[in-house]
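Asker: One structure coming up, written as structure tokens, with questions to follow.
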Amino acid sequence: MTQTPLYPLLMNPALHVKVWGGRRLATLMGKPLPTAEPYGESWEVHDTATVANGPLAGKTLVAVLKQYGHDLVGAKNDPAVGFPLLVKFLDATDWLSVQVHPNDAQAQQYDGEPRGKTEAWYVLAGEPGSKLVYGMQAGTSKEEMAAAIRENRLEPLLNYVEVQPGDALFVSPGTVHALGPGLVIYEIQQSSDLTYRLYDWGRLGLDGKPRAMHIDKGTAVSITEYAPTVLRGAGNRVLVECEYFRTTTRAFTGDAVEFPTNGAFHLLTVIEGALIVEAAGVSITVQHGQSAVIPAALTTYTVSGTGKLLTSWQP
């Protein structure tokens, strides 16, 4: 039986309730929230997200990956370990836990997992004075950090920065971090759930119990020698480039622009307006707050319309 040729895939996200979440995934990003609970994350592109258009509609991305393999994710990825990147929106109405992620080697060493977690943030919305944690106070030793966590006095050792819409932050493995209240962000990351939680502001989880901490692993992988810097007011430019992904932002004002894929899948997320994406004879309209996948097997695609687009792919 001949397979359906791949085409631009408009995605239905997987929504996640979080103790620190709210309702702005609906009011700002257009997501229908199925219950009155606090929703903190919309997983736009992930194994669990489903295709919204065409012959593959209703299939999860991991099911499409199992069917099409390298044609979806490109030659450099192993289809057997799932879709390699995760795109999500986060709505923080309270502090997220202070956490840190391992790199690939540390993930294999400490947890037997194939991937660590490198990620980046782009600030979509924020209240005046919104802050987040981005690294430790420079010069903090790991011994000081571990003692402060155990003695519930970590907060003065954290590096707090104010951010506003348009700012970008690269969260490399080892970067201690936490989103603060008032922020809505786009996140691109390696598809891994490995998180070492260091501090949770004395809060209980949705089950009424304290959430587990990972002090030994967390301090072992943390970078404490310096604090990273924020890319302010990114505009039309490359936001971040690392070995796992490259993310750009670009505004469109009507004319069609053609992009090559160079054998890599592209992840498109519209953050203003609505854009028309065409490839392989298929045209889709991606509305504000929606995301699409351009399979690696498609050599080119075009984008037109009026809006602003975040694009991520593997370099």
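The values are calculated or read from the model by the stated rules, or taken from the named source; none is laboratory data. Keep in mind that this is a model prediction, so the values were computed, not measured. Cβ atoms come from the backbone with ideal geometry, glycine included; neighbour counts cover every protein chain shown. All accessible areas refer to the heavy atoms of the entire protein, side chains included, with ligands and DNA or RNA removed. Shrake-Rupley method; radii C 1.70, N 1.55, O 1.52, S 1.80 Å.
Asker: Using r as the Cβ-Cβ distance of GLU144 and ARG203, and R0 as 22 Å, what FRET efficiency do you calculate, to the nearest 0.05? Kindly include the intermediate steps, with their values, before the conclusion.
Answerer: Numbers: r = 23 Å, r/R0 = 1.06.
The pair GLU144/ARG203 has a calculated efficiency of 0.40.
Asker: Leaving ligands, DNA and RNA out of it, report the carbon-plus-sulfur percent of the accessible area of segment 184-315 at a 1.4 Å probe.
Answerer: On the way: 2800 of 5680 Å².
Summing carbon and sulfur atoms, their accessible area is 49 percent of the total for segment 184-315.
Asker: Measuring from centroid to centroid over Cα atoms, what is the spacing of segment 32-109 and segment 148-175 in Å?
Answerer: Each part's Cα centre sits 24 Å from the other's.
Asker: Averaging sequence separations of C-alpha pairs under 8 Å and six or more residues apart, then dividing by the length of segment 57-142, give the relative contact order as a whole percent. Intermediate values should be presented prior to the final figure.
Answerer: On the way: 43 pairs, mean separation 12.2, N = 86.
Contact order relative to length: 14 percent.
Asker: Would you calculate a helix-derived [θ] at 222 nm for the chain, using -39,500 (n - 2.57) for each DSSP H run of n ≥ 4 and dividing by the full residue count, to the nearest 500? Write out the running numbers ahead of the final one.
Answerer: On the way: 6 runs with 40 residues, N = 315.
The helix contribution divided over the chain gives -3000 deg cm²/dmol.
Asker: Along the charge dipole of segment 42-125, which of ASN77, ALA120, LEU56 sits closest to the positive end, that is, farthest toward it, with unit charges on the beta carbon of Lys, Arg, Asp and Glu (+1, +1, -1, -1)?
Answerer: Positive-end residue among those listed: LEU56.
Asker: Highest first, please rank the peptides 172-178, 54-60, 297-303 by the mean number of other Cβ atoms sitting within 10 Å of their residues. If you can, show how the numbers build up before the last one.
Answerer: On the way: 172-178: 22.4, 54-60: 14.1, 297-303: 17.4.
By packing density, highest mean first, the sequence is 172-178, 297-303, 54-60.
Asker: I've got another one for you. Given contacts defined as C-alpha pairs under 8 Å and at least six residues apart, what's the relative contact order of segment 82-125, whole-number percent?
Answerer: Working: 23 pairs, mean separation 11.3, N = 44.
Averaging sequence separation for qualifying contacts and normalising by length gives 26 percent for segment 82-125.
Asker: Now a separate question. What FRET efficiency would be calculated for the residue pair GLN3, CYS242, taking the C-beta separation as r and a Förster radius of 41 Å, to the nearest 0.05?
Answerer: Details: r = 33 Å, r/R0 = 0.80.
Calculated transfer efficiency: 0.80.
Asker: Follow-up. When only C-alpha pairs under 8 Å and at least 6 residues apart count, what is the relative contact order of the chain, in percent?
Answerer: Working: 827 pairs, mean separation 64.7, N = 315.
The value is 21 percent.
Asker: Over the chain, give the accessible area per residue in Å² for a 1.4 Å probe, as an integer. Please list the in-between numbers first.
Answerer: Working: 13070 Å² over 315 residues.
I get 42 Å² per residue for this part.
Asker: Taking the Cα centre of segment 24-82 as origin, work out the dipole magnitude from +1 charges on Lys and Arg Cβ and -1 charges on Asp and Glu Cβ, in debye rounded to 20.
Answerer: Details: 5 positive and 6 negative charges, 23 e Å.
Approximately 100 debye in magnitude.
Asker: What is the percent carbon and sulfur in the accessible area of segment 49-88, measuring with a 1.4 Å probe over the protein chains and ignoring ligands?
Answerer: Its accessible area is 54 percent carbon and sulfur atoms.
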